[in-house]
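Each remark here refers to the structure printed beneath this line.
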Amino acid sequence: MIFSFQITDAVVVAWILNATLVVPELDHHSFWKDDSDFSDIFDVDWFISYLSKDVTVVKSIPYEVMTSMDKLPWTMRAPRKSMPEFYIDEVLPILMRRRALQLTKFDYRLTNELDEELQKLRCRVNFHALRFKKSIQNLGKKLVRRLRIMSSRYVAIHLRFEPDMLAFSGCYYGGGEKERKELAEIRKRWDTLPDLSAEDERTRGKCPLTPHEIGLMLRALGFGNETYLYVASGEIYGGEETLRPLRELFPNFYTKEMLAGDDLKPFLPFASQLAAVDFIVCDESDVFVANNNGNMAKVLAGRRRYMGHKRTIRPNTKKLNVLFQARNQMDWDRFSQKVKKIQRGLMGEPDYTRHGRDDFHEMPSSCICQRVPANRSVTTQTEKLTAQVRLTTRIL
């Protein structure tokens, strides 16, 4: 799957290095086995044009550069959450020497804490330069129109209850030895994952809620059974049996497969393109419910704030998991009161922030205008390091 913040950070690093960026190559060897390229998902010409005043972007390394190189481009992986100094001190010398450099696995390879001007560049990429290609946009908008014909308002849920998510999280959902074996087998596809205790992960709030638990949470928060739900998801672990309790709580239940019909056929082999369709419908929803702390949920939450604020609900999985274990020991009114108390501050209020804890892609505060008291001034300091690196020669 492709998430826009990986591309966003690649653009920012290119700016820091004063280097030309080659349109990013997507991972074709992930769990999803998706052969989509950048241009199959995003409008590449718009991407290049929009960023032209910030970073030079090309579709491929120019032929004359490739023929002048003695060796193939150097490949390296930056440490997670690297500071700009790392790219200046460690990456730039190699780039200057080799003329071309490939940075791989570019997820979380740039710190969350950057100079405000670089954060604004992140916003320009995330919310403006990255635009889905027309065919994806058209289908996403068509699904939104079909939902709006049935109801003026709808809630979108990013369930993230696919087999890979459950295997990666190390969680267990009561499916016995069959579930343990199936998820353990999927988990082997990641070489570096540590052994985890499913009970400890649930206690720490690291396990996604089940579809049934999401439904109970929403009903406890006051969403009636007449509410229209759009469920964004890939293959749900357990299939229809897992989804049935959520459908029973919310009969007006829809997915892209139900709304699109044959229009979805060209996209079916491509998980990233299907996720892009889900992204559009979730973004347009009146309320968005994120059932995990994953990348798509973060970018959606940030976009919904940046574009004028629409409510995003984040379940407090740590406390809700404890409550669900005691669900049968209380009546519905008490359960509902407890859910509302647990979710206080996580209901998508416009001014709510968790100081020092929010990912910038989720809370793009540098890009959102805020009221400032008349007796205070707002100043922006640009890092000297960044100013110095802009004097380097632009190279490939």
Q: Scan the range 33-62 residue by residue and report those that are in contact (Cβ under 8 Å) with a residue 40 or more places away in the chain, under 15 Å from residue 8 (Cα atoms) and part of a loop (DSSP other than H, G, I, E, B).
A: 43, 51, 54, 55, 56
Q.
I'd like the residue in the range 44-96 that is under 13 Å from residue 17 (Cβ atoms) and polar (S, T, N, Q) and, out of all such residues, is surrounded by the fewest Cβ atoms within 10 Å (Cβ to Cβ).
A. 56
Q. Somewhere in the range 18-38, is a residue over 30 Å from residue 268 (Cβ atoms), among the aliphatic types (A, V, I, L, M), buried (at least 19 other Cβ atoms within 10 Å of the Cβ) and at pLDDT 95 or above?
A. yes
Q: Out of 254, 237, 230, report the one residue that is within 19 Å of residue 287 (Cβ to Cβ), of a type outside the set (D, E, K, R), open to solvent by 20 Å² or more (accessible area, probe 1.4 Å) and out of contact with any Lys or Arg (no Cβ under 7 Å at 6 or more places or on another chain).
A: 254
Q.
Can you tell me which condition residue 145 does not meet? The list is (1) closer than 30 Å to residue 366 by Cβ; (2) open to solvent by 10 Å² or more (accessible area, probe 1.4 Å), and all the others hold.
A. (1)
Q) Given the residues 278, 283, 195, 263, which is the only one that is surrounded by fewer than 21 Cβ atoms within 10 Å (Cβ to Cβ), out of contact with any Leu (no Cβ under 7 Å at 6 or more places or on another chain) and either touching a residue at least 24 places away in the same chain (Cβ under 8 Å) or not β-branched (Val, Ile, Thr) (or both)? A) 195
Q: Report, by residue number, each residue of the range 323-345 that is open to solvent by less than 70 Å² (accessible area, probe 1.4 Å) and either under 13 Å from residue 222 (Cα atoms) or of a type in the set (Phe, Trp, Tyr) (or both).
A: 324, 335, 336, 339, 343
Q) Of all residues in the range 72-84 being assigned to a loop (DSSP other than H, G, I, E, B) and more than 20 Å from residue 25 (Cα to Cα), which is nearest to the chain's Cα centre (by Cα)? A) 81
Q | Out of 201, 248, sole residue that is assigned to a helix (DSSP H, G or I) and at pLDDT below 95 | A | 201
Q | Residues located in the range 258-295, provided they are part of a loop (DSSP other than H, G, I, E, B) and within 14 Å of residue 139 (Cβ to Cβ) | A | 268, 270, 284
Q) Are any residues in the range 288-300 closer than 18 Å to residue 363 by Cβ and open to solvent by less than 10 Å² (accessible area, probe 1.4 Å), and if so, which ones? A) 288, 289, 290, 297, 299, 300
(Q) farther than 17 Å from residue 211 by Cβ, surrounded by 20 or more Cβ atoms within 10 Å (Cβ to Cβ), within 22 Å of the chain's Cα centre (by Cα) and at pLDDT below 95: is that true of residue 303 in this structure? (A) yes
Q) Looking at (1) part of a helix (DSSP H, G or I); (2) in contact with a strand residue (DSSP E or B) (Cβ under 7 Å, 6 or more places away or on another chain), can you tell me which one residue 65 breaks? A) (2)
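The values are calculated or read from the model by the stated rules, or taken from the named source; none is laboratory data. Remember, predicted model here, so these are calculated numbers, not experimental data. Heads up, the Cβs are rebuilt from the backbone with ideal geometry, glycines too, and the neighbour counts pull from every protein chain shown. The accessibility values were calculated without ligands, DNA or RNA, using every heavy atom of the protein model including side chains. Shrake-Rupley method; radii C 1.70, N 1.55, O 1.52, S 1.80 Å.
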